[in-house]
Every structure is written in C-alpha cells, then in structure tokens.
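Heads up, the thing below is written out as structure tokens.
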Amino acid sequence: MAKMAKVEFFSAVTMSSSYLPATTDSIAQALEAKNPSEAISILYRVLDDPSSSSEALRIKEQAITNLSDFLREQNRAEGLCNLLTQLRPFFSLIPKAKTAKIVRGIIDSVAKIPGTSDIQIALCREMVQWTRAEKRTFLRQRVEARLAALLMESKEYSEALTLLTSLVKEVRRLDDKLLLVDIDLLESKLHFSLRNLPKAKAALTAARTAANAIYVPPAQQGTIDLQSGILHAEEKDYKTAYSYFFEAFEAFNALEDPRAVFSLKYMLLCKIMVSQADDVAGIISSKAGLQYVGPELDAMKAVADAHSKRSLKLFETALRDYKAQLEEDPIVHRHLSSLYDTLLEQNLCRLIEPYSRVEIAHIAELIELPTDHVEKKLSQMILDKKFAGTLDQGVGCLIIFEDPKADAIYPATLETISNMGKVVDSLFVRSAKIMA
C-alpha cells in the first residue's frame, strides 16, 4: 500500500507539466473514466493546475472531494494521507473554515477504511503539528479531540486523558460550547472505561450543561442520552437507563444511524435485568424493532428466553452462540456476571422448592455444576436471606425451613409501649407546670 501511495505521489509530481485545467469538464472527464485508477490520475492533474482564480479554487475543492471518495473506495489510506500533505500549499489559498472542512473530511475518509487505527493516529498527530505551526487553533482543537477518541479506542488511556485535560481547559477559556460538549462526552466515556464512575458522571453533567446553552444536533443529543443510559445501568438503575436508551434509539432511528441497533439492544438488556424478559419479544416484533432484526437482537432474545425459563444451560448456549454480540460488547459484558448470578439463584430456588432436606451433591448433579461451587452459592443465598435454611456440612445436606410467619404481637407491643412512654412524658410536663 505504501509503495502504491508513493507511485501516486510521484505520478502527481511528474504530471505537473501536463496538468488539466480546473474546469467542470475536467471533473466530468474524471467521473466518466473507465476505472478508478484513471479517475484518480485525472483528478491529481486537475489539482496541479497553477490557476488560483475563485472558480478554479471551487473546482479544485470538488476535485479533492471526488479524489477522497475514489481513494477511500480503493482502500488507499496511505494515498489519502499523502493527499493531505500535498494539499498544504493549496490550504493557504482558501479560507480557514474550508481548510478545516477538507481536512476533517479526509480524516473521516481514512476512518471509513477498516484496520487503519494506527494510520489515523499518525495522521492526526501530523496534522496537530501542522496546525500548531500554522496557528490554526480551531482546526487543531478538533483534530486533537479526534486523536483523543482514537487513543481511547486503542486503549491508550493515560495519553488520551492527558490530551483531554489540557484541551478541556483551553476550550472552556474560548467558550466553544459545541466542541465542549464533544470533549466532555469523550471524557465521560474515557473515565467510564477506566471504571471511574464519579468522574464519568461529572463529565456527562458538564456535557449536558454545555448542551443546554446551545442547539445540539439530534445525533449528538442521542449520544448524550446513550452515555446517560450506560452510566445509569452501571449503577443498577435499569428503569432510568431504559428511558435514556429509548430516547437515544428514537434519535438514532430517525437519522438511520447504525447506533440505533445498539440502543435497542441495551433497552432489551434493561428489560431482562429487571426481570421483564417477557417484554423482549414484544419490543423486537414492534414496528421499530423489526427494522433491526439481526444477530444483535437475536442474542438478546436468546438471553431473555434463558432468563424466562430460568435455564443456565440455555444461558451458556446463548453466550457460546452469540459470543461476538454478548461477551465482546463491553457494555453487555459488564452485566453478564450479575445476570448469570441471578439465573443461578433462580435455578437453585426452583430446584430446592419441593424439598425440606436435600443432598447438595444431588442439586449439583441436577444443575450440572461442581458441588463446591453450588455449596458456596447456597451459603451466600442463605446469608443474603434469599431463602430460610441451613447447610449441614457433616452429611452434605441442605435443610430448608418454612418461611417464618411474622407475628404481629411483637411490633404491636412495641408500638403500645412507645405510645405509653409519650403519654407519661406529657403528664410529667403538665405536672411540672402545675407544681411551678
């Protein structure tokens, strides 16, 4: 790929003597080319036109857009990076706002090519250096925010956090609310990845405060709601999390954003976690849910079925069959262990229901788990008062007691004594007044 990029670069240089005029006819000629390589060559020649008239500059901007699209379709990430380097003299001829748009557009094109994380990070670092040298603060801040996001995805958390900390101070001083929302939201995601929930919530609150002062695009508002839902789910407040995921889903669904399916997936997760797994099938079969039928929703449906049937075996089957959708999703994976514990408790409760005394080995055989694991879980459930019983470890038995009926006489007696105490205190106060 690097060799191909060098060929493109040198071909562009050698063709400078045979440039094409920056006109709409040249653009049309490139679009009508027989193959992408020929189109790319023609567009490079258009960019070599030395003319700097307003019409020529406009045509060159169009040529850059088309060239970026062709290079992206050909998966030439290095070619896009070299294009950005070659365009630096051109950037001095056009307004800074247009430069920012072109640079961010090319970086976005590189991002659409799979497996280019390292190239994107190197490109962003290079552009940050260039923007510092050219004193283009507006563009530098946005490229740095993009770089921080890429570093977070690459799990280079300390460097991303250092970059964001300095960037937040600078942007707050300039009072750029829209960028501040992006950075605060990114900081919240970063702290969440580092399992620092208080700081993640504080950053999200800052993002919401900044967002309330300006108009926020629907996609950005959906991102804020999605992050809010994730943080509430982490605190086990699944009902509030569900409402936020629903808001995010509506926003992404209206925009046909691919994140809509993840919002819907997390909605279903919340339903399962609050023991409303029966609602999952209804949500999936709704008008909005049917648009996103696929492996993500199938995975959640399999987990919901396992939860409804209180079947550990079905749960483990779902984990095995949908590993990419469940265990490799960091948000769902965080809740799988607690969901597994819930299923295990429900399964054990179902198995011991008919018994007043049962061997632990027999329960372990029925549930298909090691005896010591089952014994440990049963002792934990007894301590948590999930059921009344005791473990006779001498003979390896579980003894289950009947649920003790609450005797109303004790609370009633305590209430009577309390009321009598109040009466005596009142009489004492009155008698003290009479004696005085």
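The values are calculated or read from the model by the stated rules, or taken from the named source; none is laboratory data. Keep in mind the model is a prediction, meaning the values are calculated, not measured. Neighbour counts run over all protein chains shown; Cβ positions are idealised from the backbone, glycine included. Accessible surface is based on the protein model in full, side chains and every heavy atom, while ligands, DNA and RNA are left aside. Shrake-Rupley method; radii C 1.70, N 1.55, O 1.52, S 1.80 Å.
Things to note:
- 29 Å Cα-Cα threshold exceeded, pairs from Lys271/Lys323; Lys98/Lys199; Lys271/Lys377: Lys98/Lys199
- Mean projected area of the convex hull spanned by the Cα atoms of the stretch 40-117, taken over all viewing directions: 4.8 nm².
- Rounded to whole Hz, the Karplus (6.51, -1.76, 1.60) HN-Hα couplings of the stretch 305-313, x for glycine and proline: 5, 4, 5, 4, 8, 6, 10, 5, 5
- Accessible surface computed residue by residue for the chain, with neighbouring protein chains in place and a 1.4 Å probe, gives 54 Å² per residue.
- Calculated FRET efficiency for the pair Ser338/Leu290, C-beta based, R₀ 25 Å, to 0.05: 0.25
- GNM top mover of Val358, Val374, Val424 - the chain, alpha-carbon springs below 10 Å: Val424
- Potential extension, Ala213-Leu194 segment - 0.36 nm per residue separation minus Cα distance: 4.0 nm
- Potential lengthening of the chain between Ile434 and Asn419 amounts to 3.1 nm, from the contour at 0.36 nm per residue minus the alpha-carbon distance.
- Using bins of 10 Å that start at zero, the share of Cα-Cα pairs per bin across the stretch 200-277 amounts to 21, 49, 27, 3, in whole %.
- Model label sites at Tyr157 and Asp25, defined 7 Å from Cα along the beta-carbon direction, differ in position by 6.1 nm.
- Isotropically averaged projected area of the stretch 74-178, using the convex hull of Cα atoms (one quarter of hull area), nm²: 6.9
- Helix-only [θ]222 nm of the chain, DSSP H runs n ≥ 4, -39500 (n - 2.57) each, per residue, nearest 500: -24000 deg cm²/dmol
- Sulfur and carbon atoms: percent of accessible area, the stretch 69-169 [1.4 Å]: 51
- Rolling a 1.4 Å probe over the protein chains gives Lys201 an accessible area of about 80 Å².
- DSSP-loop GluC sites (Glu not before Pro) across the stretch 246-289, with at most 14 other Cβ within 10 angstrom: Glu256
- Among Leu163, Leu151, Leu398, the largest mean-square fluctuation in a Gaussian network model of the chain, built with springs joining Cα atoms closer than 10 Å, belongs to Leu398.
- Fully extending the segment from Lys101 to Arg88, taken as 0.36 nm per residue of separation minus the present Cα-Cα distance, adds 3.3 nm.
- Estimated FRET transfer efficiency when R0 is 30 angstrom, pair Leu57-Ser37 (beta carbons, to 0.05): 0.70
- Computed FRET value (nearest 0.05) for Lys309 with Leu369, which takes r as the C-beta separation and R₀ as 25 Å: 0.90
- Placing a pseudo-label 7 Å from each Cα along the Cα-to-Cβ vector at Ser117 and Ser275 gives an inter-label distance of 4.0 nm.
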